[in-house]
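Asker: The structure's right below; bear with me while I get my questions together.
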Amino acid sequence: QLGAALKILGRHRPPLTPVGVVRNASRPDEWVHLATLAELDVTVVDMYGVVVVGNSDTRVVAGRMVTPRGYRWRS
């Protein structure tokens, strides 16, 4: 099902869209994997993982996905 979902996303997002997978978040054996929408290997995802797909502003900075908030403080 994940493969089918990625194909649907691929029709609406560029292939270089960042995708992150976190397995066992906040546990001693936490594992993080960064890829692009086109490159993500669905076999690295299991029931202990969460998949995060970036938006058009998401960038990989120092090995982490970063998405700006998009709002500015008003004075």
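Asker: For ALA62, are the conditions met, namely being open to solvent by 80 Å² or more (accessible area, probe 1.4 Å) and hydrophobic (A, V, I, L, M, F, W, C)?
Answerer: yes
Asker: Does LEU16 count as without any contact (Cβ under 8 Å) to a residue 24 or more places away in the chain and either part of a loop (DSSP other than H, G, I, E, B) or open to solvent by less than 90 Å² (accessible area, probe 1.4 Å) (or both)?
Answerer: The answer is yes for LEU16.
Asker: Same structure again: Looking at segment 22-44, which of the residues that are touching a Gly at 6+ places or on another chain (Cβ under 9 Å), hydrophobic (A, V, I, L, M, F, W, C) and in a loop (DSSP other than H, G, I, E, B) is nearest to ASN55 (Cα to Cα)?
Answerer: Per the criteria, the residue is LEU37.
Asker: Of everything in segment 45-62, what is in a loop (DSSP other than H, G, I, E, B) and either closer than 11 Å to PRO18 by Cβ or among the charged types (D, E, K, R) (or both)? Give them in sequence order.
Answerer: ASP46, GLY54, ASN55, SER56, ASP57, THR58
Asker: Okay, moving on. For segment 42-54, name all the residues that are open to solvent by 70 Å² or more (accessible area, probe 1.4 Å) and either of a type outside the set (Ser, Thr, Tyr) or touching a strand residue (DSSP E or B) at 6+ places or on another chain (Cβ under 8 Å) (or both).
Answerer: Selection gives MET47, TYR48, VAL50, VAL52.
Asker: I need a count of the residues in segment 25-75 that are charged (D, E, K, R) and under 13 Å from the mean Cα position of the chain (by Cα).
Answerer: Final tally of qualifying residues: 5.
The values are calculated or read from the model by the stated rules, or taken from the named source; none is laboratory data. All figures in this text were calculated on a predicted structure; none of them were measured in a lab. No Cβ is skipped: glycine too gets one built from the backbone with ideal geometry, and neighbour counts run over all protein chains shown. Only protein heavy atoms, including side chains, enter the accessible area calculation; ligands, DNA and RNA are left aside. Shrake-Rupley method; radii C 1.70, N 1.55, O 1.52, S 1.80 Å.
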